[in-house]
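Peer 1: Let me give you the structure first, and then I'll get to my questions.
Nothing in this text is a laboratory measurement; each read-out follows from the coordinates by a stated rule. In this text the structure is predicted, and so the values were computed from the model without any measurement. Using ideal geometry, Cβ is built from the backbone for each residue, glycine included, and neighbour counts are taken over all protein chains shown.
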Amino acid sequence: MLPLTGESSSCPVPPEQRPLQEYGQLCSSWFFVWPVASWWSLLRPLLISWLLLLPMALLVASGSVALRRQLPLLVLVGAVAAVLLPLLLLIRQWLGWSYVNRRLVAERISYEESGWYDGQVWEKPLAWRQQDLLVSRHQVAPVLHRLQRTGLGVAALLLLGVGICQALGRVLLL
């Protein structure tokens with residue numbers, strides 16, 4: 001966990017709910033650390049997830065009689081359908097990192113002392129805000145940018161694949 005500068009005993013926010021600790025938890029998570037280091041550290045698990053889902057997608061697509069007669073279209077439909085898992089993984093990554101980023105840039109922290117029914121709000125001291133903003137701008141923002149660009153690329157691949165499937169399907173199935 002990352003230490004907070006100017007940490008005082010007067011902070012009522014439980015340590016695991018403090019934005020810098022939440023950032024530290026993301027950085028130590030096997031799943032959320034993918035986009036931190038490089039493009040390849042993000043693309044490799046996405047490619048692996050696509051390859052793992054591809055046989056199942058091909059099996060499901062082979063249930064269509066029309067697709068069984070057109071092997072190129074069957075493979076293309078399966079490949080496009082398998083892109084959904086990497087896209088869902090990217091969305092989950094985006095949600096986690098954007099949540100932490102919102103907490104880092106916020107002037108006030110909402111937290112729970114003991115359960116869902118006792119939500120409180122605490123205003124960050126100036127030193128905390130400055131440190132959190134630095135972490136947000138220089139550590140989290142590049143990760144969000146990488147996730148955004150990768151997500152747009154995967155979504156574009158999905159849309160392009162669907163378009164090609166429709167065009168090829170009209171040509172082959174007529």
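Peer 1: Ordered by packing density, taken as the mean number of other Cβ atoms within 10 Å over each peptide's residues, highest first, how do 44-57, 85-98 rank? Present the calculation step by step, with values, prior to reporting the outcome.
Peer 2: On the way: 44-57: 14.9, 85-98: 17.4.
Ranking, from highest mean packing down: 85-98, 44-57.
Peer 1: Work out the P(r) tail for segment 26-174: percent of alpha carbon pairs separated by more than 17 Å, whole number. Intermediate results must be reported in sequence, preceding the final value.
Peer 2: Numbers: 7645 of 11026 pairs.
Counting pairs separated by more than 17 Å, the tail of P(r) holds 69 percent.
Peer 1: Which of Val80, Val135, Val60 moves most in a GNM of the chain, Cα contacts under 10 Å?
Peer 2: Val60
Peer 1: Just to be sure I understand: with springs between alpha-carbon atoms less than 10 Å apart, which residue in Leu159, Leu84, Leu74 has the highest mean-square fluctuation in the Gaussian network model of the chain?
Peer 2: Among Leu159, Leu84, Leu74, the largest mean-square fluctuation in the Gaussian network model of the chain belongs to Leu159.
Peer 1: Modelling each spin label as a point 7 Å along the Cα-to-Cβ direction, I'd like the Ala127/Ala141 distance in nm, to one decimal.
Peer 2: Going by the 7 Å Cα→Cβ label model, 2.4 nm.
Peer 1: Can you tell which of Gly63, Gly153, Gly24 shows the greatest fluctuation in a Gaussian network model of the chain with Cα springs below 10 Å?
Peer 2: Gly63
Peer 1: Give the long-range amide H neighbours of Lys124: residues separated by 5 or more places, or on another chain, with amide H under 5 Å away, using H modelled in the peptide plane at 1.01 Å from N.
Peer 2: The answer is Arg108, Ile109.
Peer 1: Using +1 at the Cβ of each Lys and Arg and -1 at the Cβ of each Asp and Glu in the chain, identify which of Ser114, Ala167, Ser28 lies farthest towards the dipole's positive end.
Peer 2: Value computed over the given set: Ala167.
Peer 1: Can I ask one more? Could you work out the local net charge near Glu107, counting Lys and Arg as +1, Asp and Glu as -1, over the other residues with Cβ closer than 12 Å to its Cβ?
Peer 2: Values: positive: Arg102, Arg103, Arg108, Lys124, Arg129; negative: Glu123, Asp132.
So the surrounding residues net to +3.
Peer 1: Something else about it: Between Ser28 and Glu107, what is the spin-label point distance in nm, taking each point 7 Å from the Cα along the Cα→C-beta axis?
Peer 2: So the label points at Ser28 and Glu107 sit 3.2 nm apart.
Peer 1: Another one. Would you mind checking the tilt of helix 141-173 against the longest principal axis of the Cα atoms of the chain, expressed as 0 to 90 degrees and rounded to 10?
Peer 2: Taking Cα atoms only, the helix is inclined about 20 degrees.
Peer 1: Arg69 to Arg92: FRET efficiency via 1/(1 + (r/R0)^6), r the Cβ-Cβ distance, R0 45 Å, to the nearest 0.05?
Peer 2: Here the calculated transfer efficiency is 0.75.
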